[in-house]
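The values are calculated or read from the model by the stated rules, or taken from the named source; none is laboratory data. Because the structure is a prediction, the values reported are computed rather than measured. FYI the Cβ positions are ideal-geometry reconstructions off the backbone, even for glycines, and counts take in every protein chain you see.
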Amino acid sequence: MRQLSFRCAALVLGLSMLAACSHQPPAPSAQQYALEKALDSIQRDEAPDARTAVWEIKLSCDDIVCRIEGATDRPKAFERIRAAAAAARPAAAVSVRLLPETSGSAHGSHVLAATATASLSGSPGFGKPVTTQALMGDLLEVLERRGSFLRVRLADGYIGWVHRLQTASVSGAGAHSTGNSPRVVVTQGQAQILDAQGAVVSMVMLMNRLELLGEQGGDYLVGLPDGRTGRLSKAAAQPEDAYLARWRRLRSGPRDAYVRELLKNARSLVGTPYVWGGTSVAGLDCSGFVSLVYRMTGAVVPRDADQLAAAAQPVLHNRVEDIEPGELLFFGKRSAGGVSIEHVALSLGAGDFIHALGSVRIESLSEASPRFSAYERGRFLGAGRLNF
């Protein structure tokens, strides 16, 4: 009886193995293999960074045909996908959307950030991790809409999803203008816009931009992106044209003068709390801090630490004390696979630097300094300079 049971078990096991083998997925066809290689090549060439490019391309094949579906915002990638599909034998079916989609929208192809900070995430929906933020008055290119969320591109190239209630139409009655209308830029950390009775209309923050409607005593009369109006103290803002003209003069003059003012901006942010994805005085991450400091000078720089490293010109120094003020410092890890950039700071000179970690603070790479950070020295990778 035991021998029969064993033989039955062996028979069942053999049948199970046969069934498992019969359900193995078929090997990729030559067509599928060629298309996979072509799509990988297109992505590497045209959309290598998911933070600044949309690449949601999916390939599926059955016994009859291969299908390429999804979306991209890269026209050249779109054309190359179509060419690769046509060259396949047999030809592949293509159902790929080229973004932006602008037809039939009440918003148009652009919107404005309408809140002091508008949070963007990597996917549409509530409760998603924040990847970056736009500031009031920023012009956002709309790539697509999904329910109450818009996929938008910021001036620094970063792409994310924002809720429509944090945006306002560029055109329309009472809407903020992005044309020739004069504007003011908020130069104070935080300020209030008040109505005629002194009630608060809105809170605004450093580098928010508002339409200038006129002046009244010590106040600017301003228009918010959503069409509301109010008074903003002249002590909290400056006309944008004059503000940017000053920084253009500084950038075109001696570097030392520009760097001195750049670092004055950086020092003014000391104590600002660390917030992942933050780009405002309400909270900053390390690269958000650097981008805000440069934004205060009228410059748009890449958003993340590794993107800043890619844009910067490497600068070699024999000692950390020789790193010049205003240079970027990069931190991370070295491995056999290369370098991983994880953090960025601004040099103050003599080995000192300012960065956002816990809060915006000043530390040093120099062992002789009372602000020496062994942790940061241990992960320091090198310095670089942004040129305009």
| For segment 43-86, what are the residues that are touching a residue at least 12 places away in the same chain (Cβ under 8 Å), more than 21 Å from Gln307 (Cα to Cα) and hydrophobic (A, V, I, L, M, F, W, C)? | Ile57, Leu59, Cys61, Val65, Cys66, Ile68, Ala71, Ala77, Phe78, Ile81, Ala84, Ala85
| Filtered residues of segment 41-98 (kept if among the aromatic types (Phe, Trp, Tyr) and more than 22 Å from Tyr158 (Cβ to Cβ)) | none
| note | In segment 206-229, anything under 11 Å from Gly137 (Cβ atoms), touching a residue at least 40 places away in the same chain (Cβ under 8 Å) and hydrophobic (A, V, I, L, M, F, W, C) is listed as Met207, Leu210, Leu224
| request: From the list Asp352, Asp306, Asp285, Asp322, pick out the single residue that is free of Cβ contacts under 8 Å to residues at least 24 places away in the same chain and either hydroxyl-bearing (Ser, Thr, Tyr) or buried (at least 17 other Cβ atoms within 10 Å of the Cβ) (or both). | output: Asp352
| said: Can you say whether Gln188 is assigned to a loop (DSSP other than H, G, I, E, B) and modelled with pLDDT of 95 or more, as far as the supplied structure shows? | reply: yes
| query | Of all the strands (runs of 3 or more DSSP E) wholly in segment 32-131, which have at least 3 residues that are more than 18 Å from the chain's Cα centre (by Cα) and either modelled with pLDDT of 95 or more or not assigned by TED's automatic domain parsing to the domain that holds Gly160 (or both)? | reply | 55-61, 66-72, 93-98
| What about Ser291, is it surrounded by 16 or more Cβ atoms within 10 Å (Cβ to Cβ), hydroxyl-bearing (Ser, Thr, Tyr), touching a Ser or Thr at 6+ places or on another chain (Cβ under 7 Å) and closer than 23 Å to Gly157 by Cβ? | yes
| From the residues in segment 332-349 that are small (Gly, Ala, Ser) and touching a strand residue (DSSP E or B) at 6+ places or on another chain (Cβ under 8 Å), which one is surrounded by the most Cβ atoms within 10 Å (Cβ to Cβ)? | Ala345
| message | Just to be sure I understand, how many residues within segment 300-343 are farther than 17 Å from Leu263 by Cβ and in a loop (DSSP other than H, G, I, E, B)? | response | 10
